[in-house]
Every structure is written in structure tokens, then in C-alpha cells.
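The values are calculated or read from the model by the stated rules, or taken from the named source; none is laboratory data. These numbers were taken from a predicted model, which means no experiment stands behind them. Heads up, the Cβs are rebuilt from the backbone with ideal geometry, glycines too, and the neighbour counts pull from every protein chain shown.
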Amino acid sequence: MTIRVLLVDDQELLRLGFRMILAASEGIEIVGEAGDGARAVELAATCRPDVVLMDIRMPVMDGIEATRRIVRADPDVRVLALTTFDLDEYAFGALGAGASGFLLKDVPPAELTAAIRTVAAGDAVVSPRVTRRLLDEYAPALAGPSQRESGDAAAALALLTDREHEVLVALAEGLSNAEIADRLFVSEATVKSHVGRILGKLGLRDRLQAVVFAFQSGIVRPEGEPRPG
């Protein structure tokens with residue numbers, strides 16, 4: 001299956017660089033380019049991309065607002081925020097608006113294509129180190145709508161089985177599916193199934209929101225350790 005990508009950056013040279021990388025990548029097709037957030041919103045509606053590579057700081061409309069509008073219009077579209085600085089508050093703002101992760105603009109080509117494939121498959125792209133900082137400083141702004149509106153994390157958690165609870169805690173610790181499988185002595189496919197059920201039961205978009213939920217519901221401490229009892 002070909003992954004349809006929309007490139008959004010106000011610097012034409014950067015778009016050219018990304019275009020060259022992606023054009024050489026099997027299974028990835030560039031379906032449009034935009035130099036500002038407003039144009040990105042328009043193109044997302046007409047080009048129907050699977051993934052949007054979204055610059056954050058742009059004229060007319062910034063990437064945060066563009067991300068919010070694109071995801072609201074079509075929740076199936078995945079957004080990867082592009083930033084110049086690691087741990088950029090603007091990038092965190094994009095995650096709060098619905099992005100599935102962020103990348104540095106000087107990301108190596110192999111990591112860029114891997115990240116696109118990851119979010120296209122429904123996962124998130126944020127390293128454990130960045131996730132920890134993200135939760136320490138920005139978690140309140142990242143709760144999914146279902147969490148804010150229900151105000152009842154305990155009821156949501158009651159929907160999870162004991163094993164799903166274990167997987168949620170492991171997600172919050174920043175473990176990959178493979179690492180969770182090793183910890184719980186199950187297959188990676190089983191972990192993936194558990195993650196899917198967790199997201200469905202909690203009404204969450206991806207594993208990043210699951211991590212945020214785990215911290216905000218109190219089952220994991222900010223430093224990443226499970227709460228006793």
C-alpha cells in the first residue's frame with residue numbers, strides 16, 4: 001500500500017530536500033506541498049494524504065493550528081511535526097493539537113521514512129526521553145477530548161483487563177512493543193493486539209495519548225515508576 005504524504009514547510013529548499021528523499025523511497029508518494037498552514041489545511045482536504053509532514057513555525061497559519069484543523073476534519077490523517085530544536089515547546093503544542101509525533105528537520109533519511117511508515121500504521125513517534133519531558137511539562141494540554149470530557153479515569157481504567165493494565169503501564173515507561181513482549185513473555189503480535197484494545201476502550205488516538213492517560217490517571221508517576229497498590 002502506498003503512503004500518501006503532504007509536505008508542509010515555508011522553506012522551499014527544505015521541501016526540496018524532503019521531496020528528494022521521499023521520491024527515492026519505495027511505497028511513499030508525495031501528493032502535495034504547502035508553504036503555510038492555511039494552504040496545508042486546504043490541500044489536506046483535497047489531496048487526502050495519509051501523513052502530513054508539518055512545519056510548526058510558518059506564516060499565515062502556524063503548524064499547530066493547521067494540525068488541529070486537519071486532524072479534526074479527518075482523524076485518520078497522521079501528522080508529523082517538523083522542528084529545528086529537540087524539546088521544542090511548539091512541537092509539544094503540535095502533539096497537543098493531534099500530531100502523532102515530531103521530527104528534527106535534520107533527521108537522517110532512513111529515520112524520516114521509518115517515522116512516516118510508523119505513523120501511517122497508526123503508531124506514534126516520540127522517543128522515551130522526549131516523552132518523559134513531554135509529560136513532565138505539557139501533559140495537561142495533551143489529554144484527548146474523551147479524557148477531559150468524562151473526568152472519570154477510574155471508570156475508563158475499569159474497562160481494562162489486568163494484562164491490558166500491565167501493557168498500559170509499560171507503554172507509559174516508554175517501552176516498545178518488542179520490549180513489552182519480552183517483559184510479559186508474550187509475542188509482539190499479542191502486545192500489538194493489547195495496545196489496540198487499550199486504545200479502543202479508552203477512546204484514544206495512539207500510544208502517545210495512552211501514555212498521557214496513564215500519567216494523568218495516576219497509575220504511573222511522572223518519573224516513570226508505577227504507583228504502589
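Here's the yes/no breakdown for (1) of a type in the set (A, V, I, L, M, F, W, C); (2) assigned to a loop (DSSP other than H, G, I, E, B); (3) touching a residue at least 60 places away in the same chain (Cβ under 8 Å):
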| residue | (1), (2), (3) |
| --- | --- |
| PRO59 | no, yes, no |
| ARG68 | no, no, no |
| PRO75 | no, yes, yes |
| ALA81 | yes, no, no |
| ALA94 | yes, no, no |
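Can you tell me which of ASP50, ASP55, ASP74, ASP106 is at pLDDT below 90 and either acidic (Asp, Glu) or not assigned by TED's automatic domain parsing to the domain that holds VAL8 (or both)? Give the steps one after another, and end with the answer.
Working: ASP50 fails: at pLDDT below 90; ASP55 fails: at pLDDT below 90; ASP74 fails: at pLDDT below 90.
That would be ASP106, the only listed residue that is at pLDDT below 90 and either acidic (Asp, Glu) or not assigned by TED's automatic domain parsing to the domain that holds VAL8 (or both).
Only one of (1) free of Cβ contacts under 8 Å to residues at least 24 places away in the same chain; (2) part of a loop (DSSP other than H, G, I, E, B) is not met by ALA99, so which one is it? Among (1) free of Cβ contacts under 8 Å to residues at least 24 places away in the same chain; (2) part of a loop (DSSP other than H, G, I, E, B), ALA99 violates only (1).
Is there a residue being part of a loop (DSSP other than H, G, I, E, B), charged (D, E, K, R) and in contact with a strand residue (DSSP E or B) (Cβ under 7 Å, 6 or more places away or on another chain) anywhere in the range 26-47? Give the steps one after another, and end with the answer.
Initial filter on the range 26-47 (part of a loop (DSSP other than H, G, I, E, B)): 26-27, 35-36.
With the extra rule that they be charged (D, E, K, R), the set shrinks to 26, 36.
Now narrow it down to the ones that are in contact with a strand residue (DSSP E or B) (Cβ under 7 Å, 6 or more places away or on another chain): none.
No - not one qualifying residue is present in the range 26-47.
Restricted to the range 158-174, and to residues that are surrounded by 14 or more Cβ atoms within 10 Å (Cβ to Cβ) and without any contact (Cβ under 8 Å) to a residue 24 or more places away in the chain, which residue is farthest from the chain's Cα centre (by Cα)? Among residues in the range 158-174 that are surrounded by 14 or more Cβ atoms within 10 Å (Cβ to Cβ) and without any contact (Cβ under 8 Å) to a residue 24 or more places away in the chain, the one farthest from the chain's Cα centre (by Cα) is GLU166.
In this structure, does GLU111 turn out to be touching a residue at least 24 places away in the same chain (Cβ under 8 Å) and over 25 Å from ARG48 (Cβ atoms)? So that I can check it myself, show each step before the final result.
Details: touching a residue at least 24 places away in the same chain (Cβ under 8 Å): no; over 25 Å from ARG48 (Cβ atoms): yes.
In short, no.
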